[in-house]
Amino acid sequence: MASIKIMLTGIMFVLISLFFLGVRIINSNGFTLEISATIFIIIGVILFLVGLIIMPRLERNVNDNIDEEKNNISKIICPNCKKEHDIDYPKCPYCKHQY
């Protein structure tokens, strides 16, 4: 989700820069905004690439860490059927032995 937001922000920067290039506003110093538009295009492309390449990898790493934490739940062995299951069950999910 964050990668999509960053990619859309990059597209927005590029669109703003295209507007600047199309309007060619001249500021008080006499410089056109072509430099600003070029900077916006560069920032937009960088943000788009970050959203496209880097953010999915970071999100994948976060999801892997969450999955590892879920797998680290303490286990218990049922005294009745001798099968292992998570400790947070009030009874054995296999033989329904009540603890």
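The values are calculated or read from the model by the stated rules, or taken from the named source; none is laboratory data. It should be emphasised that the depicted structure is a prediction, and the values quoted were computed from it without experimental measurement. In this analysis, Cβ positions are derived from the backbone assuming ideal geometry, glycine residues included, and neighbour counts consider all displayed protein chains.
Before moving on, here are some points about what is shown:
- A Cβ distance below 6 Å, combined with a sequence gap of six or more or placement on separate chains, defines the contacts here; from the stretch 44-71, residues that are under 20 Å from residue 6 (Cβ atoms) and surrounded by 13 or more Cβ atoms within 10 Å (Cβ to Cβ) reach no residue that is aliphatic (A, V, I, L, M) and modelled with pLDDT of 80 or more.
- Residue in the stretch 68-76 that is among the hydroxyl-bearing types (Ser, Thr, Tyr) and modelled with pLDDT of 80 or more present: yes
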